[in-house]
């Protein structure tokens, strides 16, 4: 008698595992749903031109979110990325417009575009390293440490130009620093350069996270820092590295944004950090660390991107857009909790 | 026969793919110790969780005083007078002892103002009843595991429970603390409290048990009152048959000293020394047991050897090379490895798979061109899973799907994959059943026979004899006895473990 009831119960569990699968793929399903919705509601939504525009918008947030995902996987957070976008853009813009001025030698060096890019990336990575050192060696909580660098980097960006914009960053032939706008506006085989950068970074980041010892250690640090340390993982190094990755990604975005505008503005990148966190969380990354996938983050960034651009095309007001974006993020986290509870139930035994 | 306060009939709990409990009947007698025994995965924990309201049965009924009851939550069970002391501690490390004891049911004035003085006095009284002198204002996070267990028991006592479930309460306690606990249990029995007692330590169960219930594979294997129960009977019902732990003679003679400790000292918490000028050496091919009471300095010794205690002074040499000032990672590379005592906190990565946990300390072994080679990783994982007989669906199964004993084996397996030369195991048998224990000990023997130096700590006298070739006793941060296993009597070990007490008494 009881055997029949028990097997009926396991039938119900079949439904449950189907539900579990749906919940697991929820971000992907949400992306499809959002796309279909706008395809029906917004005129001209489905077109190659629009897909390219959306991808360019998404690339900016997604690249930041890749670095953010690494930091969050270790149980940290990086609030400084938006300011790093601003500062690295200003560094690049300043070098292109006014060169590297060395008053005591009385000379001005104009680095070429490649050198400018390298310097900007170095600056971003170095700020990441400072974040990492603050968090590990000085024991400052990640939220506070990166909140501090958020202000410092933003202030530095404003100081570089006294608050004004470096504009018309096309370079001069006689200085040999032309070609900067290609990063933001160039195309290769019809695909924008910024989207290509995203694809390369995403593939590398996903590979590193899943298939390298470094990636495994990142997950280990986020899962149980003490156990990881006792297993010989150099926790501090891993943490410093993820903040450096995040700073690097922010510098890449700083270059893309200033190149797209052919100008660098010191306020550029404000609140970008929040969008990056939102993309990671939407993609299933747990803020307590140890759980999340680069692929999920990319899909999360696309959900946000399609949502904002679609709403714009539908003519929905910017204020409503914010409300909707917020609700989507909350829904994502609620579903995440539901999935974890179901998964925990179905594997107890 | 004493009165039955709670009677469970036909308890069944189904999980996808398995029946954790299959029509089990269980009676709880008032004023008695109701023992629940079984191997890991036999269903004890599930039954206990149902009784405590943590989980709900798929089928089955529970009656109390003639009425059918069901518990939707742990609070629900609490209202029916059922309290529980979990095996894995459920305390907030950031709160004080008193705050933990009264968590969720503060003594208040006017319904909102916490009466700190009353709580503190009551907490001190409860701890006093357990014959401990833990400061009620101390932070729980600063206490040793054994002390935390005492707080956990005090917390359950504070509820005036009529039925008290204890899940392996002695697993972290030393012999003298166990005596204190048994005294408390005796007192509770006399006041009519029914105790449901779960433990792997058979001699303990025989001592204090009144009614025995043995589970095997989710089914009721046997039930009997104390008078009809012997240790062989329990083992037979649990396993079907078999020996607890068979001691094998070492295959090779102990070799040269590999790990040498000279004048190692470590300041204690607050006052005194946690380690007081310890000098000792360990040889290859030899298994050394370190016996001692809680706070004797065993864990501190291991942690100092492993580089976790920065303020330890003295010399630690592995194969003649000084390890002082080196990081954990470089000590691991040199071949020294620690298997920590608290596997939930220090051993497991809950977010990774079984394979991810096993491999994390030895990624170097299967890394090719900066990436993890699945082809190189898989056979190594399979080998260690087979070697330790880890019961798992495979290396990709989540670590949380394993039973406690198998999780412990994963922590040990992780260490083995690093190919250590000296293996330090802190309480390797804590919280695992006889079968798993025998496998762990037999693995230790195998490793020593392969020329490893194996050192483990234990609070269980039986376990000191189980595999060790040599037994050290620690007390108050010093080594008070160093004996060959065949010369060590229980009396000598116990005497050495209370060395300082005797001195001061004299």
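Every number here is computed from the coordinates shown, using simple stated rules; none is lab data. Just so it is clear, the model here is predicted, and its values are computed rather than measured. Note that each Cβ is placed from the backbone with ideal geometry, even for glycine, and that neighbours are counted across all protein chains shown.
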*Enclosed volume per residue, in Å³, of the convex hull spanned by Cα atoms of the stretch B:25-115*: 161
*Measure out, as a whole number of angstrom, how far apart the alpha-carbon centroids of the stretch B:129-168 and the stretch A:191-215 sit.*
51
*Mind jotting down a quarter of the surface of the convex hull over the alpha carbons of the stretch A:47-336, in square nanometres, one decimal?*
16.9
*Restricting to the protein assembly as shown, what percent of DSSP beta bridges are antiparallel, rounded to 5?*
60
*Estimated inter-spin distance, residue B:256 and residue B:273, nm [label 7 Å along Cα→Cβ]*: 3.0
_Among A:257, A:323, A:170: highest mean-square fluctuation, GNM of chain A, C-alpha pairs under 10 Å_ = A:323
*For residue B:319 paired with residue B:103, estimate the spin-label separation in nm (one decimal), with each label point 7 Å from Cα along the Cα-to-Cβ line.*
4.6
*How much FRET efficiency would the formula 1/(1 + (r/R0)^6) give for residue B:482 and residue B:203, where r is the Cβ-Cβ distance and R0 is 35 Å, rounded to 0.05?*
0.85
*asked:* I'd like the FRET efficiency for residue B:182 and residue A:32, computed as 1/(1 + (r/R0)^6) with the beta carbon distance as r and R0 of 60 Å, rounded to 0.05.
replied: 0.45
*Using a Förster distance of 30 Å, how high is the FRET efficiency between residue A:185 and residue A:267, based on the Cβ-Cβ distance and rounded to 0.05?*
0.90
*Which percentage, to the nearest 5, of the DSSP beta bridges contained in the stretch B:4-239 is antiparallel?*
60
*Any chance you could run the full-extension gain for residue A:44 through residue A:109? It's 0.36 nm times the residue separation minus the Cα-Cα distance, nm to one decimal.*
18.6 nm
*Enter the mean number of other protein chain beta carbons within 10 Å of the beta carbon of each residue in B:352-361, as an integer.*
4
*How much length is gained if the chain between residue B:2 and residue B:191 is pulled fully straight, taking 0.36 nm per residue apart and subtracting their Cα-Cα distance, in nm to one decimal?*
66.7 nm
*To the nearest whole number, what is the average tally of beta carbon atoms from other chains within 10 Å of the beta carbons of peptide A:221-229?*
6
